[in-house]
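The values are calculated or read from the model by the stated rules, or taken from the named source; none is laboratory data. This structure is a prediction, so every number in the text was calculated from the model and none was measured. Positions of Cβ are generated from backbone atoms using ideal geometry, with glycine treated the same way; all protein chains shown enter the neighbour counts.
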Amino acid sequence: MVFETLRWVGGVDGYLELIDQRLLPAQFEMLKCETIEQLYDAIKTLAVRGAPAIGVAAAFGICLAMQKTTGDDLSKALAHLEESAEYLATARPTAANLFWALDRMKTCARKFVAENDEASLSGLCGALLSEAMAICDEDKQMCKRIGENGEKLIEAGSGILTHCNAGALATAGQGTALSMLYEAYDKGKKFKVYVDETRPVLQGGRLTMWELMQAGIDATLICDNMAGSLMKQGKIYTVITGADRIAANGDAANKIGTFSLSILAKKHNIPFYIAAPTSTFDLSIKTGDDIPIEQRAAGEVASFRGVKIAPEGADVYNPAFDVTDARNITAIITEKGVIEKPNTEKIARHLAD
């Protein structure tokens, strides 16, 4: 890719820089986050979004938080880290990678203090930055492997439907669902992508179309309610989406509208694939019924960028995600391989390997 969605600038006293996705595609600007409060706002308002990218950003957020600690009282430093992690965790309730990354940073801190009798605050901050950088690097490698594992499922000459944005803008690397497209494209396969606009924030229209056009991939933007018609016409061969949290049985939460697409795909005998890293699985949740679904502000539906598109005072329902039943998912592609017809047993084996 010709851009980095997010990057750390400097050493332990550095800062996080990320693409402000609220402005795309009209403006390409980098947002500088120097405090945990700025990062929280960036996550909450979708300046940075996508489960993997949120996780990476949160890891660096812990590094920002630790810059506010002083002295060498490591017990106070650990307490501050825990409080900061709890704060960041409230930014988005559905994305599993957010909690996974914060737990990993907390584990890193506890291990460093436990294993170093003469541990210092500067040493702890250095260890945390190294861990955050490792999470970022692993995310890039994960994206590449998902693409390599999934590109074989893309047929030359086919039409592929995507929903929301599961590309480079949603990760530290080249994406999850779109990584499959990038790898197939690099191998010379020719195909056409139909991009759902993805109401109400238009991540498909604003972000996925921008990404695919940057990459030179043949893509056509459609309204969300056009997908079924295209399937009926035989123009869609495959549906590929990402996921923000996957339950132990394979039920998967993704951007609102994904569940409807899975039903349409099943009706038309079209393969429905989900591409996501293993860090997106939450084995503590047995089924999708227990995945928390974020409710967002009414203004996202009733207006767009300050322009009202609904009557004043209209009641609005705005869940950010829905849950696709595992029985509607043809396969889940991870960095470890492909889980066909996912269920509890297959997922457990996949994650244990």
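Of all helices (runs of 4 or more DSSP H) completely enclosed by the stretch 84-196, which ones contain at least 2 residues that are touching a strand residue (DSSP E or B) at 6+ places or on another chain (Cβ under 7 Å) and either hydrophobic (A, V, I, L, M, F, W, C) or without any contact (Cβ under 8 Å) to a residue 60 or more places away in the chain (or both)? Write out each step before concluding.
Values: elements: 96-115, 121-150, 177-186.
The helices (runs of 4 or more DSSP H) meeting that bar are 121-150, 177-186.
Residue check: is residue 3 within 30 Å of residue 185 (Cβ to Cβ), part of a loop (DSSP other than H, G, I, E, B), without any contact (Cβ under 8 Å) to a residue 60 or more places away in the chain and in contact with a Phe, Trp or Tyr (Cβ under 9 Å, 6 or more places away or on another chain)? Break it down into steps so the answer makes sense when it comes.
Numbers: within 30 Å of residue 185 (Cβ to Cβ): yes; part of a loop (DSSP other than H, G, I, E, B): yes; without any contact (Cβ under 8 Å) to a residue 60 or more places away in the chain: no; in contact with a Phe, Trp or Tyr (Cβ under 9 Å, 6 or more places away or on another chain): yes.
So residue 3 fails the test.
Just to be sure before I move on: is residue 35 more than 18 Å from residue 134 (Cβ to Cβ), assigned by TED's automatic domain parsing to the domain that holds residue 113, modelled with pLDDT of 95 or more and among the polar types (S, T, N, Q) in the structure I sent? So residue 35 fits the description; yes. For the residues 301, 316, the requirement of being of a type in the set (Val, Ile, Thr), assigned to a helix (DSSP H, G or I) and either modelled with pLDDT under 95 or surrounded by fewer than 18 Cβ atoms within 10 Å (Cβ to Cβ) (or both) singles out 301.
Specify the residue that is nearest to the chain's Cα centre (by Cα); the eligible residues are those in the stretch 304-331 that are among the acidic types (Asp, Glu) and farther than 26 Å from residue 241 by Cα. So, considering only residues that are among the acidic types (Asp, Glu) and farther than 26 Å from residue 241 by Cα, the one nearest to the chain's Cα centre (by Cα) is 315. A Cβ distance below 8 Å, combined with a sequence gap of six or more or placement on separate chains, defines the contacts here; from the stretch 248-259, residues that are farther than 16 Å from residue 170 by Cβ reach residues that are crowded, with 24+ Cβ neighbours inside 10 Å and hydroxyl-bearing (Ser, Thr, Tyr) in the pairs 251/324; 259/324. When residue 119 is tested against (1) aliphatic (A, V, I, L, M); (2) at pLDDT 95 or above; (3) in contact with a Phe, Trp or Tyr (Cβ under 9 Å, 6 or more places away or on another chain), only condition (2) is not met.
Picking from 10, 14, 71, 50, which residue would you name as being at pLDDT 95 or above, at positive phi and surrounded by fewer than 18 Cβ atoms within 10 Å (Cβ to Cβ)? Walk me through how you get there before you give the answer.
Values: 14 fails: at positive phi; 71 fails: at pLDDT 95 or above; 50 fails: surrounded by fewer than 18 Cβ atoms within 10 Å (Cβ to Cβ).
Exactly one residue qualifies, and that residue is 10.
Residues that are crowded, with 17+ Cβ neighbours inside 10 Å, in contact with a strand residue (DSSP E or B) (Cβ under 8 Å, 6 or more places away or on another chain) and either more than 18 Å from residue 52 (Cβ to Cβ) or of a type in the set (Asp, Glu) (or both) within the stretch 18-30 comprise just one, 20.
Filter the stretch 298-329 down to the residues that are touching a residue at least 24 places away in the same chain (Cβ under 8 Å), in contact with a Lys or Arg (Cβ under 7 Å, 6 or more places away or on another chain) and either of a type in the set (Val, Ile, Thr) or over 30 Å from residue 138 (Cα atoms) (or both) and list them by number. 318, the sole residue that qualifies.
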